[in-house]
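Asks: Structure provided below as structure tokens; questions to follow.
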Amino acid sequence: MKSIKIKMNLVNLLHILFWAISFNLFNSFFSRGVESGYVLDGLELTWGNVFLFNNVILFVLFLPFIWLIRNVKIWIKRTVTALFVLLLAYCAVEIFHPNEDNLVIALLLGYFLDNFLYVLVFHITIIAAVYLNFNLLVNRYLSIGKWGIYFFYSILLACVAGVINFALFDYGIDLIFPSFFYISWFRIWELILIIAAYMAITTIVFLLGQYGMMLIEKQEKTQHELSALKEQINPHFLFNNLNTIYSMAVKGDDRTKDVVLQLSDFLRYVLYDTSSDLISLEKEVEIIKTYFALQKERINPSTTKLSLNIVGNFGETLVAPLLLLPLAENCFKHGVGIHDGSIAIEISFKDGQLRFFSQNNIAPRENPLEKKGGIGLKNLSKRLEILYPDQHLLTTKEEGGLYFVELIVKL
């Protein structure tokens, strides 16, 4: 929820920034009040003066838009709004009761009436066309792939807005501001092109923004999925290893204390070290050794033969945590039963390729309820699809009473 509010605030700020840049552009190059050489009411102005006056006025006009920004305290919004009202009231007093000694106010008011107001009126039809395009044409046609209909109506909208802009300055503006002698700087076809350019630029930026937000939301969703999968995996390992200690404690095995320490190291890895997105491959392999030794304590070596073979120089290679543990755990979960069997695990790393291979007997159970579960491999498959798309191969095979698993990951 917090990230959504931040995104909305950012979108609102980008809208304000875009129109501020547009106002500055037109004030600099298509200024009605500032003539060549930047002369206003007999005062020579630099471009910096024009830029400063323009942005001061923009800042004041944008003050009420603070209500669009989320997470701003209500007293701040009310204070800013009160300041805006006071500034307007002050300007109104200066207009009706001018103070000849107040040069700054006279200059700002003159600049506003002669120049800024012209640009503001000029932008009315552009702003209307842009937001009609956003809220009507893009949502209704472009978003569902009706490109032809969208282009037809967008061109029509640009033409209508261009004609209205031209008519506003040639026929209507004198009725509103009869003493300012505003005229249109552009011909109709030029206005249509300008408005069409605004619509095209803002549509492209809008679509890029939507695509970016979609990628962010997808990444956040992926992170939530990975967290949920880890939460499922951690208790899964914990329950299986507690069963090991329980069986040893019931038998009064003197090695129980040592096994508890091993389990402590194991759980420290599962609960804390795996909080990172990546860990060293060497550490992941070390915990396989710990897990293998932990399970070895509870297994009768005369009935189940164990083999662990690790080959390769892991160096500084990084890997997503808990990729190999579910596979090793699966071997012991299904390979140890009431009859003789064997479990063999091979881990190798060469030329950036990690390979895990396991082979175990499919052992019959003394308690049929032990067959329940099986979320380990399912979760691993989901995590691999998210973390290593098109860079992994996970295969399982059952043949002759044996179960084979092979995982290959390109790191």
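The values are calculated or read from the model by the stated rules, or taken from the named source; none is laboratory data. None of the values given here were measured: they were computed from a predicted structure. Neighbour counts are summed over all protein chains in view; Cβ atoms, including those assigned to glycine, are modelled from backbone coordinates with ideal geometry.
Asks: Residues of region 119-137 being touching a residue at least 24 places away in the same chain (Cβ under 8 Å) and of a type in the set (S, T, N, Q), which ones?
Replies: T125, N133, listed by residue number.
Asks: So, one more: Do we find a residue being closer than 21 Å to L380 by Cα, surrounded by fewer than 20 Cβ atoms within 10 Å (Cβ to Cβ) and either over 35 Å from the mean Cα position of the chain (by Cα) or at pLDDT 75 or above (or both) anywhere in region 267-275?
Replies: The answer is yes, given that some residue of region 267-275 is closer than 21 Å to L380 by Cα, surrounded by fewer than 20 Cβ atoms within 10 Å (Cβ to Cβ) and either over 35 Å from the mean Cα position of the chain (by Cα) or at pLDDT 75 or above (or both).
Asks: Another question about this same structure. Can you find, within region 378-411, the residue that is surrounded by the most Cβ atoms within 10 Å (Cβ to Cβ) among those that are on the phi < 0 side of the Ramachandran plot and acidic (D, E)?
Replies: E406
Asks: Kindly provide the set of residues from region 141-167 that are within 18 Å of L207 (Cβ to Cβ) and free of Cβ contacts under 8 Å to residues at least 40 places away in the same chain, ordered by number.
Replies: Passing the criteria: Y141, S143, I144, G145, K146, W147, G148, I149, Y150, F151, Y153.
Asks: Applying the selection to region 333-348, what residues are of a type outside the set (K, R) and either touching a residue at least 60 places away in the same chain (Cβ under 8 Å) or in a strand (DSSP E or B) (or both)?
Replies: Answer for region 333-348, where residues must be of a type outside the set (K, R) and either touching a residue at least 60 places away in the same chain (Cβ under 8 Å) or in a strand (DSSP E or B) (or both): H334, G335, G341, S342, I343, A344, I345, E346, I347, S348.
Asks: So which residues in region 292-320 are in a loop (DSSP other than H, G, I, E, B) and touching a residue at least 60 places away in the same chain (Cβ under 8 Å), if there are any at all?
Replies: T317, A320
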